[in-house]
Every structure is written in structure tokens, then in C-alpha cells.
Amino acid sequence: MRTQVVIVGAGPSGLLLGGLLSKAGIDNMLVEQRSGEYVLGRIRAGVLEQGAVDMLDEAGVGARLHAEGLVHGGIEISWAGGRHRIDLHGLTGKRVMVYGQTEITRDLMHLREGSGRPTVYEAESVSVHDIDGARPSVRYHKDGQTHTIECDFIAGCDGFHGVCRASVPKDRITLHEKVYPFGWLGLLADVPPLSHELIYVNHERGFGLCSMRSRTRSRYYVQCSLDDRIEQWSDQAFWNELRARLPADAAASLVTGPSLEKSIAPLRSFVAEPMRFGRLFLAGDAAHIVPPTGAKGLNLAATDVGYLGQGLIGHYKGQPADLDRYSERCLRRIWRAERFSWWMTSLMHTFPTSGSFDRKVQLAELDYLVHSEAAARALAENYVGLPM
Ligand code: APR
Ligand code: PHB
């Protein structure tokens, strides 16, 4: 088998890249180790910057996003029993779109099916070869057979635990990592959202977040211990904990209901540099992770894929410049997003090691956000996203 670009991983990054390349007439194959249903079963964040929305439009999957997505011009931050709105639109002229990653993935899968380009699901033992040669290849097992796909380029869109980054010789890659001493317990339920905007809560008991997927479906999170097991958390225990962290007026209007999904995710900051190794390119979670507090994960993945798509399209037109600066272009944005996500995480969470001094500094910083337009604007600019 032979194609121009093999994309390893059919999460949002791989599917979007496949969409952009197919639209430009570049042959590509997607190789995914899981089933389509498994990929759709993962519940992840859902805040899109304008740049990501534009890219989904460009790929041809904007229709449902615009019909069903919720446009938000602000977010709320709550602490010490009060609520404060950050006027994203007023401060930056931009808004964000709330639309679940699961729905984006579903839309991109439909686009893929319609494109007629091949996607191999449930590919086993995927491996990448000859990334420095003129003819790299991707190998996998399926139905008792070994398959080899030769290609011009390999796009490693296989997430944090993928095989692509792991295949790079150690002396050619630098990894930067910070692991946080807590996780997020998330719950999805068919109950109306607490408010029409997201509420980020700083509380001594731990962080909380009130988010949503639609006008009838809510997504809530509470900071939890890394030792917690999901079985320990009944729905009732979750709702009680969330309510305890909310300001009184919000707690009073919280509508609870049975969970559709509940899961614990650890928080991590991670960057792999560079993002190109010969003919192998890393994109999305394969190259970087941000803690979800800044809502940047999917947006960064979209930017990587946008730059990689541009680079590959340029290459086939005889213009290699964009592909050559892929890594550098991506990493500049990535580090900005890493900084912001780390800062939001530090500002909003209760750290097991922090004492009264750290707590007071957090409260002073929150107070500064309310009383300084410059501070609020800095948050808003980062939240709505840097220009591409
Ligand atoms: N071979 C083939 N596929 C693989 C392999 C492998 N060895 N390892 C992992 N995969 C697949 C996974 O099963 C998954 O479907 O690669 C896909 C990677 O998808 P994601 O983890 O969703 O990563 P990405 O597409 O970059 O999406 C980034 O996900 O975690 C969020 O915040 C993040 O929203 C952002 C988005
Ligand atoms: C979500 O809706 O899942 C969500 C929203 C905002 C975040 C993180 C997660 O910062």
C-alpha cells in the first residue's frame, strides 16, 4: 500500500488533518488502534476559540457546530462566596463557542466517511519506520495480517500515549513535564446548566467548574485527590461536594440528576520539542498536554493541525517554507498556552502543600483581576485565544 500522508490516530487532530488534506486533494490514510465507538465514548472539554471554529468551517464541518454550539461572551470566576464576570467580548471583541469535543469528533467522522478516504480502525501493534529516509512507512496488524503503508510523511496524531513520539530516539527529543498533585472528577448529566456562562470556582475545599454541552446537558467538575477511585464517588457525593464549593445563590439553583458519565482525569503540563523528526510530525496531544483549566487542549491541537495542513499542502505545491517552520510556529503558541493553563491552574486550585501565605496570595491575585482592567484583559485575551 502507498499513500502521501499516513495519519496515526483518529482523534480530533487526526480526523481534522485528514479533512484538510482530503479537501486539498492530498491522499491520506488514517490508522487508529481503537474502534470508532471507543473514540466517541471519551468525554473531553468543549470550549472552542474562534480560530478553531474557523478551521472546522474550512474543513467543512461547521454546520452543526453553528446550529447547536453556544456562543459565550463571558465567563464567571467565583471565590470567597462571591461571583465575578470576566467580560470576554467587552475586553477583547471576541467570543468563544461551547460545543463538545465528542460532537466535533462525530462531525469529523461523518466528513471522513463521505470523503471515501480510508480509515483503519482497530489497527494493532502500529509502528513507524524510516522516518529519516525518503520513504517512511507505517506498519500494523489487523485480522491476522501485517500491513505496511509506504508514504511521504507520517503525522503523529496519536495522543499522549501514542507510538509516534515514543519512536523518536531519546537524544533527538526534549520533554518538559509538570504533574499536578490532584485530578478532576467530571460528571455529565441531562440537567439544565447552572448559568448561561461557565463558572470557575476557587474554594478551600478545592476547585470546581460548572460547564455545559447544551441548554439541557451540563458538565461539572470538582478537584479531587489523585488517590480517589471513581467507585468511591456516588452521584450524590459528587453533587454534595460541588454544592459545598459553590456560592450560596448558585448552590441554590443547581439542578442535579443521574450521571451519564463520570470520570477522573489527572492534571498535567507537558511539551515535547521539537515537533518534527525527518518526515515524522507530531500534532495535538502527542506533542503537548495542558491542564484543562484554561480550556486550551483542543484549540492547540487545532492550531497544530492547521499549520501542518498548510505545510503539507505547500510542500506538494513546491513551497516547503511552511513545513520547515512547522515546529517553531507551533511551539511559540504552545508555550503561551502552557503558561496560561499553568497560571489558571495555580490560581484556581487548592494545593495540598500550600499554607496560609499561598492562599492569601491567591486571593490577592483574584482581587487584582476584579479591580484591574489590565489584569482581566490579560486573562480574557488568553482565554479567547491568540491570533493564528
Ligand atoms: N496507533 C494508532 N492510534 C493510536 C495509537 C497507536 N499506537 N495510540 C493512540 N492512538 C489513538 C488513540 O486511540 C486516539 O484515538 O490516537 C488518538 C489520539 O486522540 P486524542 O488523544 O484525542 O488526541 P488528539 O486527537 O491530539 O486530540 C487532542 O484531546 O485530550 C484532548 O485536550 C485534548 O482536546 C484535545 C484533544
Ligand atoms: C468542559 O466543558 O468540559 C470544560 C470547559 C472549560 C474548561 C475545561 C473543561 O476549562
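Details
- Antiparallel bridge percentage (DSSP; both residues within the chain; nearest 5): 75 percent
- Computed from backbone phi with θ = phi - 60° and the Karplus coefficients 6.51, -1.76 and 1.60, the 3J(HN,Hα) list for region 196-203 is 7, 10, 6, 10, 9, 10, 9, 8 Hz; x is used for glycine and proline.
- All Cα-Cα distances of region 5-128, cut into 5 Å bins from zero to the largest, leave 2, 10, 18, 19, 16, 13, 8, 6, 5, 3, 1, 0 percent in each bin in turn.
- Neighbour counting of Cβ atoms within 10 Å sorts the residues Lys317, Lys178, fewest neighbours leading, into Lys317, Lys178.
- Along the axis of the charge dipole computed for region 196-334 (Cβ charges of +1 for Lys and Arg, -1 for Asp and Glu, origin at the Cα centre), the listed residues Gly314, Pro291, Thr216 are led at the positive end by Gly314.
- Kirkwood Rh and Cα Rg combined as Rg/Rh, region 292-388: 1.15
- Computed over the chain, the per-residue total of -39500 (n - 2.57) for DSSP H runs of n ≥ 4 gives a 222 nm mean residue ellipticity of -11500 deg cm²/dmol, rounded to 500.
- Percent antiparallel among DSSP beta bridges (both partners in region 1-100, rounded to 5): 70 percent
- Modelled this way, with points 7 Å down the Cα-to-C-beta line, the labels at Gln319 and Thr148 are 3.6 nm from one another.
- For region 62-219, fraction of C-alpha pairs farther apart than 19 Å, in %: 72 percent
- Net lengthening on full extension, Asp130/His176 (0.36 nm per residue, minus Cα-Cα): 14.0 nm
- With 5 Å bins beginning at zero, the pair-distance distribution over Cα atoms of region 1-48 amounts to 5, 19, 25, 23, 15, 10, 3, 1 %.
- Quarter of Cα convex hull surface for region 288-340, i.e. mean projection, nm²: 3.2 nm²
- Rg and Dmax of region 164-265, Cα atoms only, in Å: 16.8, 56
- Label zone at Val361 (point 7 Å along Cα-to-Cβ), backbone N below 20 Å, region 182-222: 182, 202-207
- Here the Debye sum runs over all C-alpha atoms of the chain as equal scatterers in vacuum, and log10 of I(q)/I(0) at q = 0.07, 0.09, 0.14, 0.15 Å⁻¹ comes out as -0.32, -0.53, -1.22, -1.37.
- Proximal charge balance of Val61 [Cβ under 14 Å; K/R count +1, D/E count -1]: -3
- From least to most packed, judged by other beta carbons within 10 angstrom and beginning with the fewest, Val168, Val31 follow the order Val168, Val31.
- Counting neighbouring Cβ atoms within 10 Å and putting the fewest first, the residues Ile313, Ile289 line up as Ile313, Ile289.
- For region 200-318, the pair-distance distribution built from all alpha carbon pairs, in bins 5 Å wide starting at 0, is 2, 9, 15, 17, 14, 12, 9, 8, 6, 4, 2, 1, 0 percent.
Every read-out reported here was derived from the displayed coordinates using simple, explicitly stated rules and does not represent laboratory data. Computed from a predicted structure; not experimentally measured. Note that we place each Cβ from the backbone using ideal geometry, even for glycine, and neighbour counts take in every protein chain shown.
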